1. Semi-axes, largest first, in whole Å: what does sqrt of 5 times each Cα gyration tensor eigenvalue give for the protein assembly as shown?
2. Take the alpha-carbon centre of region A:22-39, take the same for region B:13-79, and report the distance between them in whole Å.
3. Suppose R0 equals 41 Å; then what is the FRET efficiency for A:Leu7 and A:Glu136 from their Cβ-Cβ distance, rounded to the nearest 0.05?
4. Which whole-Hz ³J(HN,Hα) couplings does region B:14-20 yield from phi under the Karplus relation 6.51 cos²θ - 1.76 cosθ + 1.60, θ = phi - 60°, glycine and proline marked x?
5. Among the listed pairs B:Lys31/B:Lys169; A:Lys94/A:Lys169; B:Lys5/B:Lys213, give every one whose C-alpha distance is greater than 23 Å.
6. If you add up the charges near A:Ile91, with Lys and Arg at +1 and Asp and Glu at -1, over every other residue whose beta carbon is less than 14 angstrom from its beta carbon, what do you get?
7. If you consider only alpha-carbon coordinates, what radius of gyration and Dmax does region B:6-225 have, in Å?
8. Considering the options B:Ser98, B:Leu81, B:Leu121, tell which one lies farthest towards the positive end of the dipole of chain B, charges being +1 on Lys and Arg and -1 on Asp and Glu at the Cβ, about the Cα centre.
2 protein chains.
Amino acid sequence: MGSSKKLVELFYDVLSPYSWLGFEVLCRYQKCWNIELRLRPAFLGAIMKETGNQPPAMVPNRGMYMMKDIPRMANYYQVPLQNPKDFFGTIIEKGSLSAMRFITAVDMTQPLFLEPISRELWMRIWSRDEDITQPESILAAAGTAGLPADLAQQLLERSSFPEVKERLKEVTAEAIRYGAFGMPSYVVHVNGEPHLFFGSDRLELLGNFLGEKWLGPVPTPLNARM
Amino acid sequence: MGSSKKLVELFYDVLSPYSWLGFEVLCRYQKCWNIELRLRPAFLGAIMKETGNQPPAMVPNRGMYMMKDIPRMANYYQVPLQNPKDFFGTIIEKGSLSAMRFITAVDMTQPLFLEPISRELWMRIWSRDEDITQPESILAAAGTAGLPADLAQQLLERSSFPEVKERLKEVTAEAIRYGAFGMPSYVVHVNGEPHLFFGSDRLELLGNFLGEKWLGPVPTPLNARM
């Protein structure tokens with residue numbers, strides 16, 4: 001400890017339930033590990049398409065497994081994630097492009113709201129089985145996260161500006177350049193070198209790589225005191 | 001603790017490096033968790049084919065990631081796993097059918113040798129980059145594991161008997177019926193219900209499910225004392 005904080009970038013998309021787990025655990029650990037967490041909203045659809053990766057739920061046994069794995073992980077990670085009624089439709093067919101563009105606009109202009117707005121969008125799609133594609137859905141999430149209504153409306157309009165679309169494309173391309181093929185992906189910077197880790201289940205390994213102790217997905221204040 | 005041991009079945013194939021990690025960790029934890037570990041050698045090739053799953057290394061970014069993830073995991077898990085020179089050839093093209101049939105013959109007739117022979121075959125393919133397809137390779141692994149030469153030769157012949165082929169098919173089919181789509185797969189039996197877990201990274205979750213404490217991939221005797 002005491003040395004300068006190591007930068008950990010988290011590439012995520014709110015369409016990805018496992019990203020939510022990684023997001024919450026890293027948000028907790030930024031308080032007890034010597035890291036600077038940088039949230040990097042990116043577009044999962046493009047990452048899957050451009051790397052030739054297939055959604056895991058496309059393999060029937062894998063999809064069935066995810067339906068059981070997600071609630072077990074959510075329970076252990078203490079994240080209020082719940083399977084939507086139409087599990088496969090939500091994962092495979094529902095898009096997150098408008099939501100991720102909105103989040104990108106937030107990141108570019110109101111970065112303090114990035115964490116709560118991302119969380120509220122996950123709450124909609126992955127906890128309460130609500131829509132995240134329509135403007136009113138996005139505005140509702142922004143409101144719950146504390147963004148004033150006029151600002152939210154302004155950011156929603158801004159979401160379709162070329163600079164926002166371009167930025168989302170750039171962050172997504174950056175993730176792919178780091179070697180990402182899915183989400184959540186973490187890029188840890190050590191001695192000027194980037195190191196990619198993938199999955200909500202690589203956080204213990206990531207901690208070990210950083211020389212930090214894994215205290216489970218829910219580090220308590222007592223556990224966290226080093 | 002004190003209650004009757006819970007049965008944990010481990011379905012594995014020595015072609016799978018992540019299976020080796022799951023295997024070693026569970027072999028360690030059977031000494032500190034209240035479980036009965038049952039090793040279930042099965043054939044990964046058939047599981048992938050029959051469930052329509054594709055080897056992760058087929059996605060180039062994923063393959064590149066595995067080449068970095070495997071040594072990092074191996075180091076943290078303290079398993080002497082090392083990438084073979086021809087990483088993709090080993091994973092995608094090399095077969096494990098003859099090795100898994102031999103292991104099945106061992107399981108059927110010399111179960112005490114099942115653990116050490118599986119380990120020696122992993123040592124060959126995933127630590128020393130040696131062949132596991134030829135009869136002499138399999139005999140060498142059996143010898144290192146302590147199986148007398150005449151018995152090894154006998155088991156090698158037995159490997160091609162219909163009853164052995166059939167048994168390997170049956171165990172593989174059983175894994176698929178439990179919902180497996182890759183390896184390592186664990187089936188935990190609680191109150192007469194089977195629960196599938198997948199991956200070398202689900203052992204902490206598996207422990208939590210069993211009401212057992214995760215002490216990292218290398219539980220020390222001190223840590224392990226409950």
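The values are calculated or read from the model by the stated rules, or taken from the named source; none is laboratory data. It should be emphasised that the depicted structure is a prediction, and the values quoted were computed from it without experimental measurement. Cβ coordinates were reconstructed from backbone atoms using ideal geometry, including for glycine residues, and neighbour counts include every protein chain displayed. Keep in mind that these areas ignore ligands, DNA and RNA; they rest on the heavy atoms of the full protein, side chains included. Shrake-Rupley method; radii C 1.70, N 1.55, O 1.52, S 1.80 Å.
1. Equivalent ellipsoid of the protein assembly as shown: 42, 22, 21 Å, largest first.
2. Spelled out, the Cα-based centre of one part sits 28 Å from the other.
3. Details: r = 36 Å, r/R0 = 0.89.
Computed FRET efficiency for A:Leu7 and A:Glu136 comes out at 0.65.
4. Result, rounded to whole Hz: 6, 6, 9, x, 5, 4, 4.
5. Details: B:Lys31/B:Lys169 30 Å; A:Lys94/A:Lys169 19 Å; B:Lys5/B:Lys213 15 Å.
In this structure, B:Lys31/B:Lys169 lie more than 23 Å apart at Cα.
6. Details: positive: A:Arg62, A:Lys85, A:Lys94; negative: A:Asp13, A:Asp69, A:Asp86, A:Glu93, A:Asp129.
That works out to -2.
7. Radius of gyration, then largest Cα-Cα span, for region B:6-225: 16.7, 47 Å.
8. It is B:Leu81, whose Cα lies furthest towards the positive end.
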